[in-house]
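The values are calculated or read from the model by the stated rules, or taken from the named source; none is laboratory data. All values derive from a computational prediction rather than experimental measurement. FYI the Cβ positions are ideal-geometry reconstructions off the backbone, even for glycines, and counts take in every protein chain you see.
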Amino acid sequence: MSTEYLKRLFLYQINFLRALNQLVRVADSLNSWSLVRAQVGPKQETLITSFAGS
């Protein structure tokens with residue numbers, strides 16, 4: 001195995017982990033938002049959205 005191959009593999013792994021980390025972060029924020037919506041309930045949600053819209 002050449003060092004060039006290993007270097008490329010290492011960089012690929014770093015990029016993959018970085019992308020995975022970003023995906024987890026996005027999923028986490030979406031999940032927490034849906035949890036907030038579930039706790040608040042639909043009536044307060046419409047209040048919040050109408051307040052935010054005004």
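With the structure loaded, tell me whether ARG25 is among the basic types (Lys, Arg), at pLDDT below 90 and on the phi < 0 side of the Ramachandran plot or whether it fails that test. Considered against the rule, which asks whether it is among the basic types (Lys, Arg), at pLDDT below 90 and on the phi < 0 side of the Ramachandran plot, ARG25 comes out as yes. So LEU20 ticks every box in (1) modelled with pLDDT under 90; (2) surrounded by 10 or more Cβ atoms within 10 Å (Cβ to Cβ); (3) not aromatic (Phe, Trp, Tyr) but one. Which box is left unticked? With respect to (1) modelled with pLDDT under 90; (2) surrounded by 10 or more Cβ atoms within 10 Å (Cβ to Cβ); (3) not aromatic (Phe, Trp, Tyr), LEU20 is out only on (1).
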